[in-house]
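S.K.: Sharing a structure, written as structure tokens. Questions coming.
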Amino acid sequence: FVVPPIPGRCGDCGPGYATPLDAMKGPREEIIYVPCIYRNTGNGKPDFLATVDVDPRSPTYSQVIHRLPMPNVGDELHHSGWNTCSSCFGDTSKKRNRLILPSLISSRIYVVDVGTDPRAPRLFKVVNPEDVFWKCGLGYPHTSHCLGSGEIMISTLGDPAGNGKGGFILLDGDTFEVKGTWERGDETPPMGYDFWYQPRHNVLVSTEWGIPKCLGYGFDPRDLGKGRYGRRLNVWDWTSHRYIQAIDVGEDSAPLEIRFLHNPDASEGFVGCTLSSAVHRFYQTPRGDWAAEKVIQVPSKKVEGWLLPEMPGLITDILISLDDRFLYFNNWLHGDVRQYDISNTRQPRLVGQVFLGGSIVRGGRVTVLEDRELRSQPEPFVIQGKKVAGGPQMLQLSLDGKRLYVTTSLYSAWDKEFYPELIREGAVMLQVDVDTECGGLTVNRDFLVDFGQEPEGPCLAHEMRYPGGDCTSDIWV
């Protein structure tokens, strides 16, 4: 007699979970993978993948327990993805055992074995930039998502010369060889960045950051108003792979991270716009096309001592809890992380906020002259005796929605410009406890990963991934 598998349990049918709500019942995270960057720090060392212990029962809690250096210098590891995820849940031949690490600047793609020893990953394969350039005519890879077909799809910011061009690299899910591009037809968006797909609605939506050869040297205000930063959500037909619609969300808005609701029947989601500091809800209309409406606006602050007279919040990451109840985003410059109740997706309601550094702290270089939200400048954020440099940037939420992890590096060229102290002192990783009943955010004072204390010198920590998947890498189809 064979006991049948329990539906929804990780590993019974394939990678991930049957539904988002099943994923919320998954095991608590014990380790997190974090790309750490040395580019633009003057260090000359290669970037590495850190494994961080996040198990409070462990003697190495909130410590880096393993480092996997890359074989090259100057890659700018940035975001990461999986060889398979919950989109392949029904395929028993698939395992989530490879982490895909695109390099934003070098255009290399690293494939890391996290299955043999999850606590000590090892390099499995290197996809050279020449393969990406010649087979795809693309460069500057950013977001990696696995597809239900078993293939891996990676969005790009531009072409090999650093001009803007939105496109997608396809990797074979077994050999990790470059197969070519996903898109078909002659028409492509002028820029690329992040993407999310949903086959039930025959759609993929991508975003635009900016032209790579401009971004590579930092932020130049003279680039504003010249079409060098993105302004569109780009809609693709999932079946034909063709670019079919552009949704304008405003000049120089720079829409970055895009998230559908996790429920695969839902035909809506949210996107965070960096330079305009707005969150837009995108949705399918009764006509079958797609539209967007602004549902959150973070007011800029009038300031002295900064490069512009008004400072935007700079929303650089957003995510949605697996039950589609809460939306989280950061303001990298203002220094706060926010939690919104999105039970009514057209009217998000602020229910939690915590300040974790930023550019407007009391006693800093910037004086706030006019503020539509705060009565006074926030105090510097200090934890375990360390004054945190930079502001909250990448976010990752535990499967059960109760713990929010935060790192502080955005992109080395912008870190160097906006937070020079971050280059000197290194990034940190923090953990925020979440009230999932009424809303609310509280810093866990027992958790601090100080990447300023790395053996090879201070480094810049970016995106985070759990071995079992998370709410920004798994897509249900």
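The values are calculated or read from the model by the stated rules, or taken from the named source; none is laboratory data. Remember, predicted model here, so these are calculated numbers, not experimental data. Cβ sites come from the backbone with ideal geometry, for glycine too, and all protein chains shown count toward neighbours. Note: areas computed on protein heavy atoms with side chains; ligands, DNA, RNA excluded. Shrake-Rupley method; radii C 1.70, N 1.55, O 1.52, S 1.80 Å.
S.K.: Any idea what % of Cα-Cα pairs in the stretch 343-477 are farther than 18 Å?
M.R.: Value for the stretch 343-477 (Cα pairs over 18 Å): 61 percent.
S.K.: On a straight-distance basis, which lysines could pair with Lys402 in a cross-link, Cα separation under 18 angstrom, same-chain partners fewer than 8 positions away excluded?
M.R.: Within reach: Lys25.
S.K.: Let me have the relative contact order for the stretch 77-148, percent, based on Cα pairs under 8 Å that are six or more residues apart.
M.R.: After rounding, I find 36 percent.
S.K.: If you don't mind, there's one more thing I want to ask. Enter the accessible area of Glu456 (Å², nearest 10), with the probe set to 1.4 Å and all protein chains included.
M.R.: In the full protein context, Glu456 sits at about 100 Å².
S.K.: Also: Just check the chain against the gyration tensor rule for me: Cα atoms, a ≥ b ≥ c as the square roots of the eigenvalues, rounded for a/c under 1.5, and otherwise prolate or oblate depending on whether a/b exceeds b/c.
M.R.: Here the chain falls in the rounded category.
S.K.: Averaging over every viewing direction, what projected area does the convex hull of the Cα atoms of the stretch 252-317 cover, in nm²?
M.R.: 5.2
S.K.: Dividing the alpha-carbon radius of gyration of the stretch 282-336 by 2.2 N^0.38 Å (N being the number of residues), what value is obtained?
M.R.: 1.54
S.K.: Kindly rank 318-329, 365-376 from highest to lowest mean number of other beta carbons found within 10 Å of each residue.
M.R.: 318-329, 365-376
S.K.: Would you please name the GluC sites (Glu not before Pro) within the stretch 27-120 that are DSSP coil residues with at most 11 other C-beta atoms within 10 Å of their C-beta?
M.R.: Answer in residue order: no site qualifies.
S.K.: What percent do you get for the relative contact order of the chain when only Cα pairs under 8 Å and 6+ apart count?
M.R.: Value for the chain: 13 percent.
S.K.: Can I ask one more? Per residue, how much accessible area does the stretch 1-137 have with a 1.4 Å probe, in Å²?
M.R.: I get 44 Å² per residue for this part.
S.K.: Using a 1.4 Å probe, how large is the accessible area of Cys136, given in Å² and rounded to the nearest 10?
M.R.: We get 10 Å² for Cys136.
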